[in-house]
1. Distance from the Cα centre of the range 118-152 to that of the range 24-88, in angstrom?
2. Please go through the residue pairs Lys24/Lys55; Lys3/Lys178; Lys24/Lys116 and name each one whose alpha carbons sit more than 20 Å apart in this structure.
3. Tell me, how many Å apart are the Cα centres for the range 342-356 and for the range 161-229?
4. What spacing in nm lies between the two simple spin-label points modelled at Asp214 and Asn262, each 7 Å away from Cα in the Cβ direction?
5. Students often check this: by mean Cβ neighbours within 10 Å, which of 349-356, 72-79 ranks highest, and how do the rest follow?
6. Extension gain Glu348-Asn325, at 0.36 nm per residue separation less the Cα-Cα distance, in nm?
7. Pop the C-beta distance of Lys296 and Leu44 into the FRET formula with R0 = 35 Å and round what comes out to the nearest 0.05.
8. Highest mean first, how do 29-38, 304-313 rank when packing is the count of other Cβ atoms within 10 Å averaged over residues?
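Bear in mind that the values in this text are calculations on the coordinates, not laboratory data. These figures come from a predicted structure and were not determined experimentally. Cβ sites come from the backbone with ideal geometry, for glycine too, and all protein chains shown count toward neighbours.
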Amino acid sequence: MYKNTLVTGGAGFAGSALCIALKKRFPEMEVTALDNLKRRGSELNLPRLKTAGVKFVHGDIRELSDLTGLQPAPDLIIECSAEPSAQAGYGGSPDYLIRTNLTGCYHCLELARLAKADFIFLSTSRVYPYRVLNDIAWEENGSRFTVAANQSLPGISEHGVSEEFPLEGPRSLYGMTKLAAELMVEEYADAYGMRFIINRFGLLTGPYQMAKSDQGVVALWMAAHYFARPLGYIGFGGTGKQVRDFLHVDDFCELVLDQVANFSLYAGGRFNAGGGVENSVSLSELTQLCEETSGKTIPMRSVAENRPADVRIYLTDNRRVMGVNGWRPRLGAGRVLGDIHEWLRGDEARLGLLMFG
């Protein structure tokens, strides 16, 4: 078992949950969370990390010295840091996006090379080109768009998008940085004999997610209902029928924990990982579920025009990753929304100010 694990982006939503889960599952492991605390609300996770016995380092992956100066050197690096928005860079400079997601990953790989550490990289479903995703044959029913039975594209079926889906075409500036980082991970592994795992996660959600309009839609929807703030159906006619699958952060942690415990089973693999068809929801359906959970109805505007890189349907085909060691998503919409609702209720004043103040 690993002695010293570094989790970059360790005060973020996914990173902090993973740090706490690692320390609980492997109490003898030293777990270090490194984060620059740029994202608003990430500072709220510091007491949780401390209580769990996780060491926190205020550092920035854009600075190589912040990584190479860490002692003791890690024997496992889990790269969770990212600018995660698919809208990042549009209408402005992509500088922070590229320096964080590309230069930052390069620095993490340099540390892995020097420390001879294993490497787990959190990539994204956004590596798949949005125009090709929107070419998936689809149908429409009363509450959602669905994947049609007959498809001309490879890598798409009733199970969702598999790892064989085409990669040619623009995918968003964010998606570009993550796919380029994947290639860099693979090249480092080949050049320096490193072991790696790449996970292409879809929509992660759950409590402690400081969601925004361009990232973390399930948590945003629940928070907007809880605090009675207006929302909007944006794109694809403004009907709210676009669909995503979602993965509870606890299911995310269970997969990465299994990869840590059984690294050799997963080594060298690229895996799509999400909630799958069973854990999918349209925005319209999500609104109804949030109304039932919160007891509130909120104003909902409609904007027909798409934003850059918007996607009509994305569903994760999990069959490759589920076939490795039996992992599968277990927590559905009721659990996700209930957990988010309880978190909001437990810190109502502070969270309302941070999210909507």
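1. Here the two parts' Cα centres lie 31 Å apart.
2. Pairs exceeding the cut-off: Lys3/Lys178; Lys24/Lys116.
3. Answer, in whole Å: 25.
4. For Asp214 paired with Asn262, the spin-label model returns 3.9 nm.
5. 72-79, 349-356
6. Extra length available between Glu348 and Asn325 comes to 4.3 nm.
7. Result of the calculation: an efficiency of 0.90.
8. Ranking, from highest mean packing down: 29-38, 304-313.
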